[in-house]
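Participant: The following block contains the structure, expressed as structure tokens.
The values are calculated or read from the model by the stated rules, or taken from the named source; none is laboratory data. In this text, all values refer to a predicted model and were calculated from it rather than measured experimentally. Cβ coordinates were reconstructed from backbone atoms using ideal geometry, including for glycine residues, and neighbour counts include every protein chain displayed. The protein model used for the area step is the full one, side chains on, heavy atoms only, and it has no ligands, DNA or RNA in it. Shrake-Rupley method; radii C 1.70, N 1.55, O 1.52, S 1.80 Å.
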Amino acid sequence: AQSVTQLGSHVSVSEGALVLLRCNYSSSVPPYLFWYVQYPNQGLQLLLKYTTGATLVKGINGFEAEFKKSETSFHLTKPSAHMSDAAEYFCAVRRSGAGSYQLTFGKGTKLSVIP
Amino acid sequence: DTGVSQDPRHKITKRGQNVTFRCDPISEHNRLYWYRQTLGQGPEFLTYFQNEAQLEKSRLLSDRFSAERPKGSFSTLEIQRTEQGDSAMYLCASSLVGQPNTEAFFGQGTRLTVV
């Protein structure tokens, strides 16, 4: 069984400040991890993913995340927030290898950017 | 190809009516997924197809729900005798089998409101 916990349903940052969105996962097998972004009344867009290899992954729009197995975490960061980053962000986990391909999502974190 | 396409984008129906949604995946993708997202929650897995075969179904997919992908291309999701609790965003995603690190690409969703 897999699960995802996103700490903080709502995060506010000032424009230009560091963005940190937290994600912890639980998985009985090595996981694949994803961050998606959702704008109002839109579908989900993939920001970045970790599957194997380098634990620091870079994504679109200046976001990056680090897979820390010992902490079962996959926190999302961006050095400098932009107004266009205001959206809802979802962390998701999928078991690696063949078999079930379903994603298990967290409840999401809504990011507000204050001018 | 412009991505995963869902139709309609919005649907308002009266309780007890049947509704059907359509999803057109990215053309070369042979896996297709349906998720449901209620207000304030992350998407929850409903079912997935590989080509025309429905390989996995969530317990969330009650007997009032049925999904098909008859020719391994587009898919439909039908809800019979709709209930107010069915009000949600229904998201479709697709991916390509054969790539070990493939991710799912999401459509913009169909928002269902049952009144």
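Participant: Which numbered condition trips up A:P40, out of (1) in a strand (DSSP E or B); (2) more than 10 Å from every other protein chain (Cβ to nearest Cβ)?
Facilitator: Here A:P40 clears every test but (1).
Participant: Here's something else I'd like to know. Could you list, in sequence order, all residues of the range A:45-66 that are of a type in the set (V, I, T) and assigned to a strand (DSSP E or B)?
Facilitator: A:V57
Participant: When only residues in the range A:66-86 that are away from chain B (no Cβ under 14 Å) and under 12 Å from the mean Cα position of the chain (by Cα) count, which is most open to solvent (accessible area, probe 1.4 Å)?
Facilitator: Filtering the range A:66-86 for residues that are away from chain B (no Cβ under 14 Å) and under 12 Å from the mean Cα position of the chain (by Cα), the one most open to solvent (accessible area, probe 1.4 Å) comes out as A:E66.
Participant: In the range A:47-59, how many residues are in contact with a strand residue (DSSP E or B) (Cβ under 6 Å, 6 or more places away or on another chain) and within 14 Å of chain B (Cβ to nearest Cβ)?
Facilitator: Total meeting the criteria: 7.
Participant: Would you mind telling me which numbered condition in (1) within 9 Å of chain B (Cβ to nearest Cβ); (2) farther than 20 Å from A:P40 by Cβ; (3) in contact (Cβ under 8 Å) with a residue 24 or more places away in the chain; (4) not acidic (D, E) A:Y101 fails?
Facilitator: If we test A:Y101 against (1) within 9 Å of chain B (Cβ to nearest Cβ); (2) farther than 20 Å from A:P40 by Cβ; (3) in contact (Cβ under 8 Å) with a residue 24 or more places away in the chain; (4) not acidic (D, E), just (3) comes out false.
Participant: Here's another thing I want to ask about it. Here is a list: B:L39, B:L60, B:L32. Which entry is surrounded by 15 or more Cβ atoms within 10 Å (Cβ to Cβ) and either part of a loop (DSSP other than H, G, I, E, B) or within 13 Å of chain A (Cβ to nearest Cβ) (or both)?
Facilitator: Answer to the selection: B:L32.
Participant: Considering only the range B:63-86, how many residues are open to solvent by 20 Å² or more (accessible area, probe 1.4 Å), touching a residue at least 60 places away in the same chain (Cβ under 8 Å) and not charged (D, E, K, R)?
Facilitator: Here the count works out to 2.
Participant: When you look at A:V4, is it open to solvent by less than 70 Å² (accessible area, probe 1.4 Å), in a strand (DSSP E or B) and of a type in the set (V, I, T), yes or no?
Facilitator: The answer is yes for A:V4.
Participant: Also: Please give the number of the condition B:V19 fails out of (1) crowded, with 21+ Cβ neighbours inside 10 Å; (2) in contact with a Ser or Thr (Cβ under 8 Å, 6 or more places away or on another chain).
Facilitator: (1)
Participant: So which of A:Y101, A:Y25, A:Y32 ends up being open to solvent by less than 50 Å² (accessible area, probe 1.4 Å), part of a loop (DSSP other than H, G, I, E, B) and either out of contact with any Ser or Thr (no Cβ under 7 Å at 6 or more places or on another chain) or closer than 20 Å to B:E44 by Cβ (or both)?
Facilitator: A:Y101
Participant: Taking B:S27 as meeting all but one of (1) open to solvent by 80 Å² or more (accessible area, probe 1.4 Å); (2) in contact with a helix residue (DSSP H, G or I) (Cβ under 9 Å, 6 or more places away or on another chain), write down the number of the exception.
Facilitator: (2)
Participant: Under 7 Å between Cβ atoms, which residue pairs at least 6 apart in sequence (or on different chains) link something in the range B:102-115 that is free of Cβ contacts under 8 Å to residues at least 40 places away in the same chain with a partner that is buried (at least 19 other Cβ atoms within 10 Å of the Cβ) and of a type in the set (V, I, T)?
Facilitator: Listed pairs, sorted by first residue: none to list.
Participant: Quick one: how many residues across the range B:42-57 are more than 11 Å from the chain's Cα centre (by Cα) and either assigned to a strand (DSSP E or B) or away from every other protein chain (no Cβ under 11 Å) (or both)?
Facilitator: 8
Participant: Could you please find all residues in the range A:7-22 being of a type in the set (S, T, Y) and assigned to a loop (DSSP other than H, G, I, E, B)?
Facilitator: Within the range A:7-22, A:S9 is the sole residue that qualifies.
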